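J.: After the structure tokens below, expect a handful of questions from me.
The values are calculated or read from the model by the stated rules, or taken from the named source; none is laboratory data. Note that this is a predicted model, so its numbers are computed, not measured. Positions of Cβ are backbone-derived with ideal geometry, glycine not excepted, and every protein chain shown enters the neighbour counts. To get the accessible areas, we keep the full protein, side chains included, count just its heavy atoms, and leave off ligands, DNA and RNA. Shrake-Rupley method; radii C 1.70, N 1.55, O 1.52, S 1.80 Å.
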Amino acid sequence: MLNRVLSGDYPRSRPLTALLLIIVTCLVLGPFLFDGIRAFTTLAMICVFIMVVAAYDLMLGYTHIVSFAHTMFFGIGAYGVAMAIEGMGDSFGAIGVGLVGALVVSFLLSLLLGLLSLRVKAIFFALVTLAVAFAFLSLVTQLYHITGGEDGMRVRVPRELGPAFRPFEEPLPGIDLPTLLKGLLTQPWNLGQVWQDSLFEMRFNGRNVMYYVLVVMAAGVFLFLLRLVNSPFGRVLQAIRENEFRAEALGYRTVIYRTAVVILAALVATLAGAAFALINRYVNPENTLNFELMVFILLMCVIGGMGTLYGAIVGSTLFILAQNYLQDLLGWVGQYTAGIPLVENLLGEDHWLLWFGVLFVLSVYFFPAGVVGQLRIWSLRRRNRQSPPPSGPDAEPVAQV
């Protein structure tokens, strides 16, 4: 059963398996483990960017297509739903119309970009997509009466997806995991009080319904892409990545595969953009179309590991957690370094971007193949050391170095 779900593509590393289980458990049980709107938003953004980064990795990691227009399709999905709701009202019909319209627009634009790969390849294709993305950003900014310009658009949602809708009258029990862990570290002798302090009453409402729809959507997209890359289609993509000329010599029309990958990645990014609009309740060019967001997606892909879809889960989680909680962590550390001039300044909350960059450099240095790729390499080396060398008359002689 598990083999069919994961398409035979297991993590192949015990530390990686444990890390993935922790992340998946926290995402599935998130509303019951973390109290507060900030934790809820962080978990939702992780689900959204798992889809975005997995789709981008399909292009970059598996097919070696560098595109800077990924955020354009993400923005099309967000603005498509926002404009449909603005014009038709906050109903599920408006969401469906906006999503379908956004998918159609993304399909046509990605088809045009994919066909450009007939003549423009490598870095030149990346520059073309960058120009198209900036042109689309300028268009959205200037069409103020339609898109709201730089002010953006507020996204209303149906009542069933809002905090006023409560499918359960009674509150559900929850355990605030950060409070529990903090209590276990600071007061291990008072377990009863620590447990009582970590309990909270969770009001399950429409936002939680939307969150679990997002979790199912992210899981479905991830498993679909995992099945895709482990199919014959995915093997051709990897052949194109390694040597496109040889893939063509074997009879594969590589332009069709490249175009199909660009279209598929664009549609997934559009779907994630629509989910982002419904969760965030507000869209503007800065949070959907900004080039900085494209850089963040690329960093998530690199940190997690290119060419490994599991890297989308790990990279998105680590990046978004660092982006949201690194400043708080520096503030906590600063309490113990107050009074030390140089250290106090370096560990100040205002310098969180500096340490964010340091963490990225360290991750690239210690995990050159990404977190997922490096953990798999270390596990493979450990298995090779533990396995005995071949023996017998059929064994090949070991070369002496």
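J.: Under 6 Å between Cβ atoms, at least 6 apart or on separate chains: pull out the pairs that start in the range 257-278 with a residue that is free of Cβ contacts under 8 Å to residues at least 60 places away in the same chain and surrounded by fewer than 24 Cβ atoms within 10 Å (Cβ to Cβ) and end on any residue that is in a helix (DSSP H, G or I) and of a type in the set (Asp, Glu).
T.: From the range 257-278, no pairs qualify.
J.: Look through 203, 235, 207 and report the one residue that is open to solvent by 70 Å² or more (accessible area, probe 1.4 Å), on the phi < 0 side of the Ramachandran plot and within 25 Å of the chain's Cα centre (by Cα). Even if it seems obvious, please write down each step before you answer.
T.: Values: 203 fails: within 25 Å of the chain's Cα centre (by Cα); 207 fails: open to solvent by 70 Å² or more (accessible area, probe 1.4 Å).
Answer to the check: 235.
J.: Additional query: Can you tell me which residue is most open to solvent (accessible area, probe 1.4 Å) among those in the range 54-80 that are of a type in the set (A, V, I, L, M) and at pLDDT below 90? Lay out the reasoning, then the answer.
T.: Step one: filter the range 54-80 for residues of a type in the set (A, V, I, L, M), giving 54-55, 58-60, 65-66, 69, 72, 76, 78.
From what is left, the residues that are at pLDDT below 90 are 65-66.
Numbers: 65: 3, 66: 49 Å².
By that ranking, first place goes to 66.
J.: Hey, any hits in the range 346-367 for a residue that's open to solvent by less than 30 Å² (accessible area, probe 1.4 Å), at pLDDT below 80 and of a type outside the set (Val, Ile, Thr)?
T.: Yes: one or more hits.
J.: So which pairs qualify, if the first residue must be in the range 282-310 and more than 17 Å from residue 321 (Cα to Cα) and touching a residue at least 40 places away in the same chain (Cβ under 8 Å), the second must be part of a loop (DSSP other than H, G, I, E, B) and open to solvent by 50 Å² or more (accessible area, probe 1.4 Å), the Cβ gap must be under 7 Å, and the two must be at least 6 apart or on different chains?
T.: Taking only residues 6 or more apart or on different chains, not a single pair turns up.
J.: For the range 210-221, how many residues meet the condition of being small (Gly, Ala, Ser) and surrounded by fewer than 16 Cβ atoms within 10 Å (Cβ to Cβ)?
T.: Looking only at that region, the number is 1.
J.: Could you list, ordered by first residue, the pairs with Cβ atoms under 8 Å in which the first is in the range 17-36 and touching a residue at least 12 places away in the same chain (Cβ under 8 Å) and farther than 25 Å from residue 373 by Cα and the second is of a type in the set (S, T, N, Q) and open to solvent by 30 Å² or more (accessible area, probe 1.4 Å), at least 6 apart or interchain?
T.: 35/179
J.: Scan (1) touching a helix residue (DSSP H, G or I) at 6+ places or on another chain (Cβ under 8 Å); (2) open to solvent by 40 Å² or more (accessible area, probe 1.4 Å); (3) at pLDDT below 95 for the single condition residue 103 breaks and write down its number.
T.: (3)
J.: Counting only residues that are assigned to a helix (DSSP H, G or I), open to solvent by 10 Å² or more (accessible area, probe 1.4 Å) and touching a residue at least 24 places away in the same chain (Cβ under 8 Å), how many does the range 81-100 have?
T.: 5
J.: So residue 186 passes all but one of these: (1) open to solvent by 90 Å² or more (accessible area, probe 1.4 Å); (2) more than 30 Å from residue 77 (Cβ to Cβ). Which condition number does it fail?
T.: (1)
J.: Considering only the range 298-312, state which residues are assigned to a helix (DSSP H, G or I) and open to solvent by less than 20 Å² (accessible area, probe 1.4 Å). Spell out how you get there, then give the answer.
T.: So in the range 298-312, the residues assigned to a helix (DSSP H, G or I) come out as 298-304, 310-312.
300, 301, 304, 310, 311, 312 - these are the residues of the range 298-312 that are assigned to a helix (DSSP H, G or I) and open to solvent by less than 20 Å² (accessible area, probe 1.4 Å).
J.: I've got another one for you. The conditions are (1) of a type outside the set (Ser, Thr, Tyr); (2) surrounded by 15 or more Cβ atoms within 10 Å (Cβ to Cβ); (3) more than 20 Å from residue 133 (Cα to Cα), and residue 51 fails exactly one of them. Which is it?
T.: (3)
J.: Here is a further query. When you go through (1) under 24 Å from the mean Cα position of the chain (by Cα); (2) under 24 Å from residue 155 (Cα atoms); (3) not in a helix (DSSP H, G or I) one by one for residue 107, which number turns out not to apply?
T.: Failing condition for residue 107: (3).
J.: Return the residues of the range 117-154 that are exposed (fewer than 15 other Cβ atoms within 10 Å of the Cβ) and touching a strand residue (DSSP E or B) at 6+ places or on another chain (Cβ under 6 Å); say none if nothing qualifies.
T.: 154
J.: Looking at the range 167-192, I want the residues that are of a type in the set (S, T, N, Q) and have a partner that is open to solvent by less than 50 Å² (accessible area, probe 1.4 Å) and not in a loop (DSSP other than H, G, I, E, B) with Cβ atoms under 8 Å, at least 6 apart or on another chain. Which pairs are those?
T.: Listed pairs, sorted by first residue: 179/198; 187/194; 190/183.
J.: Can you pull out every residue in the range 182-199 that is closer than 30 Å to residue 279 by Cα and modelled with pLDDT of 85 or more? Walk me through it before giving the result.
T.: From the range 182-199, those closer than 30 Å to residue 279 by Cα are 182, 197-199; that's our starting set.
Of everything in the range 182-199, those that are closer than 30 Å to residue 279 by Cα and modelled with pLDDT of 85 or more turn out to be 198, 199.
J.: Continuing with this model, one more query. If a residue must be part of a helix (DSSP H, G or I) and either within 17 Å of residue 368 (Cα to Cα) or of a type in the set (A, V, I, L, M, F, W, C) (or both), how many such residues does the range 271-297 contain?
T.: First, pick out the residues of the range 271-297 that are part of a helix (DSSP H, G or I): 271-280, 285-288, 291-297.
Going one step further and asking which of them are either within 17 Å of residue 368 (Cα to Cα) or of a type in the set (A, V, I, L, M, F, W, C) (or both), we end up with 271-272, 274-279, 291, 293-297.
Number of matching residues: 14.
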